[in-house]
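A.B. asks: Quick one: structure below, then a few questions.
The values are calculated or read from the model by the stated rules, or taken from the named source; none is laboratory data. No experiment lies behind these values; they were computed from the predicted model shown. Please note: Cβ atoms are built from the backbone with ideal geometry, for glycine as well, and neighbour counts cover all protein chains shown. Just so you know, the surface numbers come from the protein's heavy atoms only, side chains and all, with ligands and any DNA or RNA stripped out. Shrake-Rupley method; radii C 1.70, N 1.55, O 1.52, S 1.80 Å.
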Amino acid sequence: WNFMDEFGSALSESPHPDIMSSEGNGKALGTSGDGLECAEVDEVQGGHEMTKEEFFGIFRTEQGAIREDLKAVSASSGDEVNQALDALLLRVQALEDSFTRAAHLLPPYDVQKYGGALKELASEIAVRREELAPRGKFSFKRRAPVAGGAEKVAGTEAAAVVSSSTASPSPQAVTGQVYEDLQGQSIACASGDLAGEDVTLRRLEGCRIVLLDRVGALHCHELRRCEIIVGAVGSSALLYSCSDCVLTLATKQLRLHDSDNMLLHLHTLSGPVVEHCKRIAFAPYDLSYASVQEHMSAASLGTASAERSAPWADVQDFNWHKRQASPNWCILPEEHRRPRAEVADAKAAAAAAPMPPACADLDRCTVLWQAVEAPPKQALPGAAERSPPPAAPAPARAAAVAAPDRLDSDDEF
């Protein structure tokens, strides 16, 4: 049984013959950045759309199929288990992309219901992974000062070093490199230091992290006023509860949750997703260093593009289901973008002044959010008697009037 065959059949049998293929203006079937076909329900010519009942049936069928295949995954070598579970996770992500495209068809209750169902599927896969292929547990501790002074790493007075630990493990078992509970420090990794390992950043404040290497997955939790540079992420980048940060990274997928006042210089293979976020600005990936093309190729990330038609600009806001553009995010206009970021040495870049990072690029976004949040000007007393009031802009264009470089119709559901 093939989910895409079912979805394509439903489209071909739709009572609306003018539903377009992925080569037309509307998207009926698309291809995700991982090469995995995914169903994308979008508005089509003449205002006709797939009905929500059709979407419900297809979603439930694929949801059940994923659960059946998950039960069939048995204990074997760790690599085989992880490969099977990774394939299921890709199917969940394809289903999530389909849900994102169809969200404007659904009532708010169903948006919450099916969004929760996707989270449950991902959670079930994670639980199954821990049952069949448990991961090693790592933590970081600070190295004791050496005689004659504190040891410095990347220009700071302390360093985070990986070690096995008998201390209480963190709430979630993680693998790879973990940097946590740091303030005002810099961390640098050059090419080959990580070699595809996962990286977790947790509870960092005023830190600069420069990872000029290929990593597996990137997990960020509770970052405050940090500057993060990552060469290439071979899997997904997941960010939770972050604020006032500037990130530069290339990744297959990006999910941003419960975050505020962020600037991302981004390359992705599928549209970024934001949820419970506000004041999120996006700009194209602009990082240049010696091994960037090698790392991008090894991570199967293709070539970065600054075009507005590229996936990095196809942002989906899970908390905004109106026809108007979401006020929670924007594409940073070209005149506000920084010069191309060229990095010759990871340690030198991480230790560069000032510390903590000034995040000047983020400050350039302030004028955009002020324009959006500014209250309308009050008319002077008697002004209505002197001249007729100007026509109010249509609601769908209000954001564009306040900030000319805001989103266009392509950014809507």
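A.B. asks: Go through the range 187-205 and give me each residue that's assigned to a loop (DSSP other than H, G, I, E, B), of a type in the set (A, V, I, L, M, F, W, C), open to solvent by 20 Å² or more (accessible area, probe 1.4 Å) and on the phi < 0 side of the Ramachandran plot.
C.D. replies: Passing the criteria: only Ala190.
A.B. asks: If you don't mind, there's one more thing I want to ask. Looking at Ser235, Ser259, Ser270, can you tell me which residue is polar (S, T, N, Q) and under 19 Å from Glu180 (Cα atoms)?
C.D. replies: The unique qualifying residue is Ser259.
A.B. asks: Does Ala84 satisfy the condition of being small (Gly, Ala, Ser), crowded, with 19+ Cβ neighbours inside 10 Å, in a helix (DSSP H, G or I) and at pLDDT below 85?
C.D. replies: no
A.B. asks: Would you confirm whether any residue within the range 380-403 is of a type outside the set (Gly, Ala, Ser) and at pLDDT 90 or above?
C.D. replies: No, the range 380-403 contains no residue that is of a type outside the set (Gly, Ala, Ser) and at pLDDT 90 or above.
A.B. asks: Of all residues in the range 244-260, how many are within 21 Å of Leu212 (Cα to Cα) and open to solvent by 20 Å² or more (accessible area, probe 1.4 Å)?
C.D. replies: Adding up the residues that qualify gives 1.
A.B. asks: How do the pairs read when you match residues in the range 120-134 that are in contact (Cβ under 8 Å) with a residue 24 or more places away in the chain with residues anywhere that are assigned to a helix (DSSP H, G or I) and open to solvent by 50 Å² or more (accessible area, probe 1.4 Å), using Cβ under 6 Å and keeping only pairs 6 or more apart or on different chains?
C.D. replies: Ile125/Leu89
A.B. asks: With the structure loaded, tell me whether Leu238 is assigned to a strand (DSSP E or B), open to solvent by less than 10 Å² (accessible area, probe 1.4 Å) and either in contact (Cβ under 8 Å) with a residue 12 or more places away in the chain or in contact with an Asp or Glu (Cβ under 9 Å, 6 or more places away or on another chain) (or both) or whether it fails that test.
C.D. replies: When the stated conditions are applied, Leu238 does not pass them.
A.B. asks: For the range 206-220, which positions are over 12 Å from the mean Cα position of the chain (by Cα) and assigned to a strand (DSSP E or B)?
C.D. replies: Scanning the range 206-220 gives Arg208, Ile209, Val210, Leu211, Leu212, Asp213, Arg214, Val215.
A.B. asks: While we're looking at this one, here's another question. Looking for something out of contact with any Lys or Arg (no Cβ under 7 Å at 6 or more places or on another chain), among the aliphatic types (A, V, I, L, M), open to solvent by 10 Å² or more (accessible area, probe 1.4 Å) and over 24 Å from Gln112 (Cα atoms) - is there at least one such residue anywhere in the range 261-278?
C.D. replies: There is no residue in the range 261-278 that is out of contact with any Lys or Arg (no Cβ under 7 Å at 6 or more places or on another chain), among the aliphatic types (A, V, I, L, M), open to solvent by 10 Å² or more (accessible area, probe 1.4 Å) and over 24 Å from Gln112 (Cα atoms).
A.B. asks: Report whether or not Ser270 is without any contact (Cβ under 8 Å) to a residue 60 or more places away in the chain and farther than 22 Å from Glu342 by Cβ. So that I can check it myself, show each step before the final result.
C.D. replies: Numbers: without any contact (Cβ under 8 Å) to a residue 60 or more places away in the chain: no; farther than 22 Å from Glu342 by Cβ: yes.
Taking the combined requirement at face value, the residue does not satisfy it.
A.B. asks: So, of the residues in the range 295-308 that are without any contact (Cβ under 8 Å) to a residue 60 or more places away in the chain and open to solvent by 70 Å² or more (accessible area, probe 1.4 Å), which turns out to be farthest from Cys189 (Cα to Cα)?
C.D. replies: To start, the set of residues in the range 295-308 that are without any contact (Cβ under 8 Å) to a residue 60 or more places away in the chain comprises 297, 303-307.
Okay, now just the ones that are also open to solvent by 70 Å² or more (accessible area, probe 1.4 Å), so 297, 303, 307.
Values: Ser297: 19, Thr303: 23, Glu307: 30 Å.
Checking each candidate, the answer is Glu307.
A.B. asks: Pick from the range 273-295 the residues that are outside any strand (DSSP E or B) and over 17 Å from the mean Cα position of the chain (by Cα): which of them is farthest from Leu254 (Cα to Cα)?
C.D. replies: Looking at residues that are outside any strand (DSSP E or B) and over 17 Å from the mean Cα position of the chain (by Cα), I get Ala290.
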